[in-house]
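Enquirer: Sharing a structure below in structure tokens format, with a few things to ask.
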Amino acid sequence: MRADRDRGVFVCDYCESQATPPVDDDGVLVLGPAKEKCPICAAALSKGSLESFSLLYCERCRGMLIDMDDFQPLIAALRSHRDAPAAFLAPRSAADADRTLNCPRCGAAMDDHPYGGGGNVNVDTCEACDVIWLDGGELRKIASAADRQLSI
């Protein structure tokens with residue numbers, strides 16, 4: 001079976017049957033294993049899809065590696081489905097800012113900095129690979145925060 005990311009299904013090339021994999025609590029459609037390892041817990045990452053955007057996802061700690069070009073459109077898509085008013089969020093964690101993660105793609109140290117939009121989170125970025133790492137729950141915090149101009 002092969003993944004049809006546009007439709008969020010697996011399609012059998014032989015009989016053309018379709019199977020819809022289950023979506024996890026974060027809304028990520030897990031599509032299969034990836035070669036990269038999680039920078040937090042070292043578990044194998046999985047290829048995933050969220051709102052038709054490709055990403056790498058850790059099923060253990062629920063962290064996500066998202067292409068920078070997909071980040072703002074993904075946040076906009078998630079906010080368009082928001083069914084509650086924007087949430088007040090607690091201050092960002094200092095422990096998150098005191099660590100250094102290595103990029104799952106190239107292995108280089110990622111830059112850690114406060115996210116410039118709503119959500120009160122620290123994000124880890126690799127400029128060389130053009131990716132953003134979000135810890136489990138951080139995407140939800142950003143999407144739940146008051147709408148602002150998105151920037152990093």
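None of the figures in this text is laboratory data; all of them are computed from the coordinates on show. Worth saying up front: this structure is predicted, and the values here are computed from it rather than measured. Please note: Cβ atoms are built from the backbone with ideal geometry, for glycine as well, and neighbour counts cover all protein chains shown.
Enquirer: By average Cβ neighbour count within 10 Å, what is the ranking of 107-114, 64-71 from highest down?
Expert: Top of the packing list down: 64-71, 107-114.
Enquirer: Right, here's the next one. Under a 5 Å amide H to amide H cut-off, with H placed in plane at 1.01 Å, what residues pair with Ser46 once short-range neighbours are removed?
Expert: For Ser46, whose amide H was placed from the backbone, the distant partners under 5 Å are Ala34, Tyr57, Cys58, Glu59.
Enquirer: A follow-up question, please. In sequence order, what are the phi-derived ³J(HN,Hα) couplings for region 137-142 according to the Karplus relation 6.51 cos²θ - 1.76 cosθ + 1.60 with θ = phi - 60°, rounded to whole Hz, with x for glycine and proline?
Expert: Coupling constants for region 137-142: x, 5, 4, 4, 4, 5 Hz.
Enquirer: Could you work out the relative contact order of region 26-144? I mean the mean sequence separation of Cα pairs under 8 Å and 6+ apart, divided by the number of residues, in percent.
Expert: 24
Enquirer: Pulled fully out, how much extra length does the chain show between Asp112 and Ala146, if you take 0.36 nm times their separation in residues and subtract their Cα-Cα distance?
Expert: Value of the extension gain: 10.0 nm.
Enquirer: Let me ask something additional. Once you compute Rg and the Kirkwood Rh from C-alpha atoms, what is the Rg to Rh ratio for region 26-144?
Expert: 0.94
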